[in-house]
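To start, the structure under review is shown below, and the notes come after it.
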Amino acid sequence: MVAPVFNEDGNVDELHRRLTRVLAELGEPYEIVLVDDGSTDGSFERLDRIHARDAHVRVIRLSRNFGHHIAITAGLDAARGELVVMMDADLQDLPEEIPRLYARLQEGFDVVYGIRTEKKHSRAKRLASWGFFGLMRRALAQFEMSAGIFRIARRPVVDAVRECRETHRFVIGLMSWAGFRQTGLEVRHGERHSGETKYPLSKQLRLALTTVVSFTALPLQLTTYLGLAVAASSFAYGIVIVLRKVVWDLGELGWPSMMLAILFLGGVQLVALGVLGEYVRRTLTESQARPLYVVAETLETPAAAASLPLTEAG
Ligand code: UDP
Ligand code: MG
């Protein structure tokens, strides 16, 4: 099992406690991979202590905050199990639901993702993700609304996702892209156990932009449509100007309409440039091909390196 941890001081002990109970009950060998995404609140010290008393726990400390999806990727890279559970560390994804995901997987699937029946997020956040998922659904046929990171996946799917090394990444989308037999299962979604969300609206919007740009051609298409619309309306307007003069013999149109046309066109061009620029910038970062993350430290107990069918990463 894999979980990313960013300033989850008040959650990691409880997470470990509940996970251990659930995973031990499943009766399969397991490991718990916790990725410290540059926490500054003492989360790492807590993880260190957890690791010291439980050989199932492996801790990957990243050298700084790289972001949720990169932290998850680091967890997936580290996970060794045949099956991998991914979840958030704030206990919004309930460890107690893992056996249900696992049972569903055994019915012949490669990925079982949790569908949150009742989201315990703020209203603004739900609205934003509703719009975002609506977009994604149009782009990726098998993209599921209301699925979070909480899921269980088999090794081939995890490896397919790991092969995608883009810097701007959305792991849920990549997994959906990977194919295989996927299905959803309704899971309860809890309140954050402790602390504040690490996903303010700004980060959420950035993730949405990443997803739209890397999984759809929408911005480019919209720019094209906008250009076509402007061209068509200026053509129509041109006819009006000619008619005004030739048929209706009205006076000249002066400065205001000229200004309007110049400003409008200027605006449209800047927007189009901005869209293009965004693509160029992303092409640049991807072509630089820097490592996705830098590991500062790994805590693991060597004896735990045995075969591990169940891995948690979050
Ligand atoms: N997280 C992370 N790096 C970040 C932001 C968040 O590893 O830069 C982790 C965080 O610790 C949590 C998970 O990602 O385990 C989801 O974050 P959060 O619960 O704040 O998001 P929300 O549930 O509010 O969408
Ligand atoms: Mg959360």
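Out of all the residues in the range 183-194, is one or more within 16 Å of residue 275 (Cβ to Cβ), of a type in the set (Val, Ile, Thr) and away from ligand 2 (no atom under 16 Å from the Cβ)? Looking through the range 183-194, none of the residues is within 16 Å of residue 275 (Cβ to Cβ), of a type in the set (Val, Ile, Thr) and away from ligand 2 (no atom under 16 Å from the Cβ).
Does residue 34 satisfy being in a helix (DSSP H, G or I) and open to solvent by less than 20 Å² (accessible area, probe 1.4 Å)? Answer is no for this residue. If you check 202, 214, 257, 287 for being at pLDDT 85 or above and on the phi < 0 side of the Ramachandran plot, only one passes: 287.
If you check 238, 274 for being over 24 Å from residue 149 (Cα atoms), more than 31 Å from the chain's Cα centre (by Cα) and either without any contact (Cβ under 8 Å) to a residue 40 or more places away in the chain or surrounded by 10 or more Cβ atoms within 10 Å (Cβ to Cβ) (or both), only one passes: 238. Output the residues belonging to the range 169-187 that are within 14 Å of ligand 1 (Cβ to nearest atom) and either touching a His at 6+ places or on another chain (Cβ under 7 Å) or in a loop (DSSP other than H, G, I, E, B) (or both). Passing the criteria: 169, 170, 171. Within the option set 40, 73, 20, being in contact (Cβ under 8 Å) with a residue 24 or more places away in the chain, away from ligand 2 (no atom under 16 Å from the Cβ) and open to solvent by less than 10 Å² (accessible area, probe 1.4 Å) holds for one residue only, 73. For the range 167-198, the candidate set comprises residues that are open to solvent by 50 Å² or more (accessible area, probe 1.4 Å) and within 18 Å of the chain's Cα centre (by Cα); within that set, the residue that is farthest from residue 117 (Cα to Cα) is 177. Restricting the first member to the range 188-208 and to residues that are outside any helix (DSSP H, G or I) and more than 8 Å from ligand 1 (Cβ to nearest atom), and the second to residues that are of a type outside the set (Phe, Trp, Tyr) and open to solvent by 60 Å² or more (accessible area, probe 1.4 Å), the beta-carbon pairs closer than 8 Å and six or more apart or on different chains are 188/117; 188/118; 189/117; 189/118; 189/120; 190/120; 191/120. The condition (being open to solvent by 50 Å² or more (accessible area, probe 1.4 Å), at pLDDT 85 or above and out of contact with any Gly (no Cβ under 6 Å at 6 or more places or on another chain)) is satisfied by just one residue among 296, 303: 296.
The values are calculated or read from the model by the stated rules, or taken from the named source; none is laboratory data. Fair warning: this is a prediction, and the values are worked out from it, not measured in the lab. Here Cβ is always computed from backbone atoms with ideal geometry, including for glycine, and neighbour counts include all displayed protein chains. Each accessible area value is taken on the protein alone, full model and side chains, heavy atoms only, with ligands, DNA and RNA left out. Shrake-Rupley method; radii C 1.70, N 1.55, O 1.52, S 1.80 Å.
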